[in-house]
Amino acid sequence: MSPEFAHVRDWVFDLDNTLYPAASTIYTNIEARMTGFIMRALELDSRGAAEVRERYFLRYGATVVGLAKHHHIDAHAFLAYVHDVSMEALAPDHELNALIAALPGRKIVFTNGGGGYPERVLARLGLAPLIDLVCDIESTHLVAKPHRAAYDRLAARCGLEPRNCVLVEDTLRNLAPAHAMGFVTALVGGAPPEPRPDYVDYRARDLKTLLREVTR
């Protein structure tokens, strides 16, 4: 184990574009189902529905929060519908799974998804036996990353001591609240702006690259 991570007892992973490749089309299909749902529920055309989807995502961290708050949409029905997508694009990555299995301590998934979707993705990826806990947006009572209350509810639900945790994310803005709480933070995928924000402790091209370094 790399000395920088020797104190870590809990490994917290984002799901989409973190535990599976960002090139996958699965989240594109989820967004399309979101747009279709909003079109029917709010009687909007596709352009108007896409604008609502994006506006609530930027404001609340998840579109479902704005729909429930402002339009009284049933959040559980929305989450179940939009996440009912094919998993054919996903396949186990045996090297990644072995790297995750080699990590000491608990492995936790922290996602703004819901409706049973995280569990289906983990099963498809062959990761379900390796993940100790899933904290989705329904577990946080519709408080989404990057809002601080979502991280507080994650910590309470999972019994986390942030200074002994790593959060791995592909979304830059989701790392800032975690870093403020004491998490070690790691960005995978997209490059942060230069100079790198002080709330990003580590950066890697993808999760496998990060974990190869961690477990060297």
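Numbers at a glance
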item: Most mobile listed residue (Pro195, Pro118, Pro21) in the chain, GNM with C-alpha springs under 10 Å; result: Pro195
item: Diffusion constant of the stretch 1-160 at 25 °C, which comes from Stokes-Einstein with the Kirkwood Cα-pair radius and 0.890 mPa s, µm²/s; result: 147
item: With DNA, RNA and ligands ignored, accessible area of Arg53 (1.4 Å probe; Å², nearest 10); result: 40
item: Within straight-line cross-link reach of Lys107, lysines at Cα separation under 30 Å, skipping those fewer than 8 residues along the same chain; result: Lys145, Lys208
item: The stretch 1-147: relative contact order as a whole-number percent, Cα under 8 Å and 6+ apart; result: 29
item: Computed [θ] at 222 nm, deg cm²/dmol, the chain (DSSP H ≥ 4; -39,500 (n - 2.57); rounded to nearest 500); result: -12500 deg cm²/dmol
item: In sequence order, calculated HN-Hα J values of the stretch 144-158 (Karplus, 6.51, -1.76, 1.60; Hz; x Gly/Pro); result: 9, 4, x, 6, 4, 4, 5, 6, 4, 6, 4, 4, 5, 5, 9
item: Whole-Å distance, taken between Cα centres, linking the stretch 30-58 and the stretch 83-143; result: 26
item: Highest-MSF residue in the chain out of Asp14, Asp170, Asp201 [GNM, Cα springs under 10 Å]; result: Asp201
item: Relative contact order [Cα under 8 Å, 6+ residues apart], the stretch 8-60, whole percent; result: 20
item: The stretch 116-128 - phi-based ³J(HN,Hα) in whole Hz, Karplus 6.51/-1.76/1.60, Gly and Pro as x; result: x, 4, x, 5, 5, 5, 4, 5, 5, 7, x, 9, 3
item: Per residue, in Å², the accessible surface of the chain once ligands and nucleic acids are set aside, probe 1.4 Å; result: 46
item: Karplus (6.51, -1.76, 1.60) ³J(HN,Hα), θ = phi - 60°, over the stretch 96-102, in Hz, Gly and Pro reported as x; result: 4, 4, 5, 5, 5, 4, 6
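The values are calculated or read from the model by the stated rules, or taken from the named source; none is laboratory data. What you see is a predicted model; the values in this text were computed from it and never measured. Side chains included, ligands, DNA and RNA excluded: accessible areas come from the protein's heavy atoms. Shrake-Rupley method; radii C 1.70, N 1.55, O 1.52, S 1.80 Å.
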